[in-house]
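The values are calculated or read from the model by the stated rules, or taken from the named source; none is laboratory data. These numbers come from a predicted model, not from an experiment. When we count neighbours, we look across all protein chains shown, and the Cβ atoms used for this are built from the backbone with ideal geometry, even at glycine. Please note that ligands, DNA and RNA were not included when accessible areas were found on the heavy atoms of the full protein model with its side chains. Shrake-Rupley method; radii C 1.70, N 1.55, O 1.52, S 1.80 Å.
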Amino acid sequence: CYRIYEACSYGSVPVVEDFMTPGQCGNSSVFQNAPLRLLKHMGAPFIFVKDWKELPAILEKEKVMSLQEKNQRRRVVIEWFKQFRTQLRQKFIDILESRFF
């Protein structure tokens with residue numbers, strides 16, 4: 001899971017499976033703590049795929065993007081990630097302060 005965040009820190013656009021895999025992660029329609037819920041709630045500029053068969057069409061779209069479009073998207077991802085970290089850090093600090101101080 002942390003690899004998604006590493007990719008963001010370098011401006012790469014993560015391609016993320018948008019379906020439940022076997023395990024104990026839960027389902028976002030049933031469980032409020034499902035893994036992608038936070039990313040979607042925070043407006044992550046990712047490519048979400050429900051089926052990996054979608055990937056060839058996505059790659060075709062990527063091929064026709066101009067260098068300017070790719071650079072702009074990279075800047076968007078980097079800025080989103082900065083804001084994401086800042087917001088999560090502040091939320092964590094607020095929780096600590098409200099419960100322990």
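For this structure, a couple of remarks:
- Simple point charges give the picture: +1 on the Cβ of Lys and Arg, -1 on the Cβ of Asp and Glu, and for the chain a dipole about the Cα centre of about 220 debye.
- Modelled FRET efficiency - R0 35 Å, Glu6 with Gln90, Cβ distances, 0.05 increments: 0.95
- Met20, Met65, reordered so the largest accessible area comes first (probe 1.4 Å): Met20, Met65
- The chain: radius of gyration and largest Cα-Cα distance (Dmax), Å: 16.1, 54
- Cα lying deepest toward the dipole's positive end in the chain, options Pro14, Gln87, Ser66, charges on Cβ: Gln87
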